[in-house]
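The values are calculated or read from the model by the stated rules, or taken from the named source; none is laboratory data. The model shown is predicted, which means the values in this text are computed figures rather than measured ones. Here the Cβ positions follow ideal geometry from the backbone for every residue, glycine too, while neighbour counts run over all protein chains shown.
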Amino acid sequence: MVEDGPVGHYELDLSGVRGMDGGSAALLIQLIGDLRERGAEGEIVGATGKVRGLLELYGAHPPKPSDKAPPARVGLFEQVGAAVDDLLGKLGEAADYIGTLVAEARLAIRTPRTVPWGNVVRLAERHGADALPIVAAINFLVGLILAFQASGQLERFGAEILVADLVGLSVVRELGPLMTAIIVAGRSGAAFAAELGTMRVSEEVDALRTLGMSPYRFLVAPRFIALILTLPLLTLMADGVGLLGGLVVGIYVLDLTLISYWNETLSAVGGLDILGGLIKSVLFAMVIAAIACQRGLATSGGAEGVGRSTTSAVVTTIFHLVLLDAALTWVFRIYGI
Amino acid sequence: MEETTKPQATTERPASGEAAPIIRFRGVHKSFGDKVILDGLDLDVPEGQTLVIMGPSGTGKSVTLRHVIGLMQPDQGQVEVWGKDVNQIARKELVALRKRIGYLFQDGALINWLNVGDNVALPLRENSKLDEAEIREKVEHKLELVHLPGIWDRMPGELSGGMRKRVGLARALITDAELILYDEPNAGLDPEMSGSINQLIAEIADTLGITSVVVTHLQSCVRVVADRVVLLEKGRLVVDLPRDEFLASKHPRVRSFLGDDPD
Ligand SMILES: Nc1ncnc2c1ncn2[C@@H]1O[C@H](COP(=O)(O)OP(=O)(O)O)[C@@H](O)[C@H]1O
Ligand SMILES: [Mg+2]
């Protein structure tokens with residue numbers, strides 16, 4: 001590009017340039033590189049606005065002094081820069097993904113016939129009905145343990161009856177929704193990530209796209225809907241067995257009567273508490289489905305990749321569930337729900 | 001609907017270079033991490049041609065096919081299909097474009113919870129207005145074509161790799177696509193089945209004048225289906241020849257490729 005070995009300093013003045021495409025930017029940068037290779041110095045000056053942005057994007061920077069800058073300093077800046085870049089990139093990706101989900105949801109609501117309802121039924125059965133025993137067992141134990149722990153303290157004050165309040169409120173507002181969501185995250189979240197991940201690596205997802213079918217409509221939407229329908233129902237059931245666990249302790253350990261325990265529970269737990277728990281469970285369902293499906297669809301690298309996605313889906317989901325639960329508890333408190 | 005716009009049956013293929021290219025790669029670069037897969041790939045596929053892509057495994061043949069239907073985007077460069085830049089057109093247009101293309105994936109890529117018949121019927125159910133009886137008839141016909149009659153109710157998990165691949169082929173053929181991409185159509189098949197799949201690919205290309213791109217390792221496949229053969233290595237085409245010249249070529253890479261052929 002540069003003829004017979006020039007030595008000296010060249011300036012490319014771009015102050016008059018208003019617009020430029022990537023090809024020309026790359027060409028100019030190549031030219032500067034060529035100049036350097038031949039012992040000359042080249043510099044782009046006067047670039048402003050979009051032109052400047054583009055050149056920077058293509059890696060142009062002010063000419064460095066000939067001796068290299070101390071690597072430690074550059075390293076630190078670069079590390080901080082890269083970390084910020086990485087975080088922004090991840091946030092951007094998350095925003096993109098949520099945007100896609102919202103757009104897909106609106107489309108699905110406008111054209112509900114395109115949602116594969118057969119799959120929704122199949123998935124609701126597998127991830128709702130089949131989860132009943134484990135959800136029931138764990139929540140029963142949670143109610144039991146909670147009541148048992150509280151009973152020692154309350155007995156000292158002669159306030160045994162308050163165990164009904166304590167178990168009732170904790171289970172309905174907090175532990176029922178959260179424990180159920182965590183179980184479902186481990187059960188269904190893992191399954192979603194593994195199923196979609198396997199479909200990804202066996203090119204089934206690509207095959208769908210090739211047929212003009214959206215993987216969101218065909219794979220993600222049914223899982224979303226299935227969880228949004230089943231998780232609140234599971235949570236209601238979890239509330240019931242959790243209370244039952246408390247009741248068992250109340251009757252057999254604290255010698256309370258069924259009637260008094262029941263009445264105390266009714267006076268403590270209101271419809272709003274149950275509603276708050278159900279609202280949580282709907283949001284939890286969305287978090288589980290969104291993260292698990294995202295991890296599944298982002299799988300690469302064969303069977304090993306599926307394993308990685310599954311682990312990552314469960315860990316990330318549980319982390320976000322707890323985070324969201326804390327935020328919601330706080331918000332509900334402010335609004336008195 | 002698409003039947004009416006399909007080119008009429010022709011027995012003569014246009015000589016390469018004369019017809020407008022259906023697929024056009026210009027300076028396509030693609031890397032995964034710091035692993036460069038495509039390094040400025042240029043490739044034209046004219047209408048009606050059957051192009052065979054050969055190359056060592058892991059060299060980016062599947063990646064190349066994926067670029068054709070926008071399943072992957074180039075880091076740099078353009079991919080045009082029917083004169084449209086696959087990565088610039090609107091979503092709707094891309095979906096419409098994909099519907100005109102048949103794609104046989106390396107392992108069939110059958111949807112695991114649908115049975116064989118429903119898998120093959122999927123493109124028709126999604127993209128055509130045919131009634132159930134017509135769909136059934138078409139599907140059964142395509143299944144016969146790939147020598148798998150009467151397996152409508154079997155699930156993909158119960159099939160051998162070769163059978164899955166042939167069901168995938170039936171699915172790729174069901175919409176009468178104008179461009180078909182075959183990713184290793186005969187890998188994992190016994191020689192007899194492999195031969196009949198080759199015949200089938202050649203027949204489809206000849207009788208319907210369809211443009212095809214076939215990724216294969218087999219000389220037998222090249223002999224039967226190819227109009228033109230390219231050898232992809234290190235992200236570029238190192239050889240690009242009409243079939244007969246390719247088979248006779250003294251190029252060392254071609255020789256070592258064809259020499260290892262078990263057929
Ligand atoms: N989605 C992906 N992510 C990361 N690497 C990939 C991806 N797809 C393909 N590769 C890599 O690109 C290379 C070429 O793959 P491919 O096109 O499948 O090879 P082949 O020529 O055998 O078909 C391989 O090394 C593969 O590991
Ligand atoms: Mg491949």
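Here is how the numbers come out for the structure above:
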| read-out | value |
| --- | --- |
| Failed item in (1) within 14 Å of chain A (Cβ to nearest Cβ); (2) β-branched (Val, Ile, Thr); (3) within 27 Å of B:Thr50 (Cβ to Cβ), with B:Ile111 passing the rest | (3) |
| Long-range neighbours under 6 Å by Cβ, at least six apart or interchain, first residue under 10 Å from A:His127 (Cα atoms) and among the β-branched types (Val, Ile, Thr) within segment A:223-234, second modelled with pLDDT under 95 and outside any helix (DSSP H, G or I) | A:Thr230/A:Gly128 |
| Residue count for segment B:25-40, restricted to those that are hydrophobic (A, V, I, L, M, F, W, C) and loosely packed, with under 15 Cβ neighbours inside 10 Å | 1 |
| Breaking point among (1) at the interface with chain A (Cβ under 10 Å from one of its Cβ atoms); (2) out of contact with any Leu (no Cβ under 7 Å at 6 or more places or on another chain), for B:Tyr103 | (2) |
| Residues of segment B:57-78 satisfying the condition of being within 8 Å of ligand 1 (Cβ to nearest atom) and touching a helix residue (DSSP H, G or I) at 6+ places or on another chain (Cβ under 9 Å) | B:Arg66, B:Met72 |
| Test: residue in segment B:154-169 that is closer than 26 Å to B:Phe25 by Cα and of a type in the set (A, V, I, L, M) | yes |
| Given (1) away from every other protein chain (no Cβ under 11 Å); (2) crowded, with 17+ Cβ neighbours inside 10 Å; (3) touching a Phe, Trp or Tyr at 6+ places or on another chain (Cβ under 9 Å); (4) farther than 21 Å from A:Val201 by Cα, number of the condition B:Leu97 does not satisfy | (1) |
| Criterion violated by B:Val224 - all others in (1) within 16 Å of ligand 1 (Cβ to nearest atom); (2) over 27 Å from B:His29 (Cβ atoms) satisfied | (1) |
| Selection from segment A:212-225 of residues that are within 14 Å of another protein chain (Cβ to nearest Cβ) and either crowded, with 24+ Cβ neighbours inside 10 Å or hydroxyl-bearing (Ser, Thr, Tyr) (or both) | A:Ser214, A:Tyr216, A:Leu219, A:Arg223 |
| Counted residues, segment B:175-196 - those being of a type in the set (Val, Ile, Thr) and either within 16 Å of ligand 2 (Cβ to nearest atom) or at pLDDT 90 or above (or both) | 1 |
| Segment B:158-215: number of residues that are within 16 Å of ligand 1 (Cβ to nearest atom) and under 10 Å from the mean Cα position of the chain (by Cα) | 8 |
| Count of segment B:66-94 residues which are out of contact with any strand residue (DSSP E or B) (no Cβ under 6 Å at 6 or more places or on another chain), assigned to a strand (DSSP E or B) and within 14 Å of another protein chain (Cβ to nearest Cβ) | 0 |
| Pick from segment B:41-60, criterion surrounded by fewer than 20 Cβ atoms within 10 Å (Cβ to Cβ) and in a loop (DSSP other than H, G, I, E, B), ranking: farthest from ligand 2 (Cβ to nearest atom) | B:Pro56 |
| Among (1) under 23 Å from B:Leu258 (Cα atoms); (2) away from ligand 2 (no atom under 13 Å from the Cβ); (3) within 14 Å of another protein chain (Cβ to nearest Cβ) - the single one B:Val63 does not satisfy | (2) |
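Rundown of residues vs (1) within 19 Å of B:Gly55 (Cβ to Cβ); (2) touching a Lys or Arg at 6+ places or on another chain (Cβ under 8 Å); (3) crowded, with 17+ Cβ neighbours inside 10 Å, yes/no style:
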position: B:Met193; (1), (2), (3): no, yes, yes
position: B:Leu200; (1), (2), (3): no, no, yes
position: B:Val215; (1), (2), (3): yes, yes, yes
position: B:Ala226; (1), (2), (3): yes, yes, yes
position: B:Pro242; (1), (2), (3): yes, yes, no
position: B:Leu247; (1), (2), (3): yes, yes, no
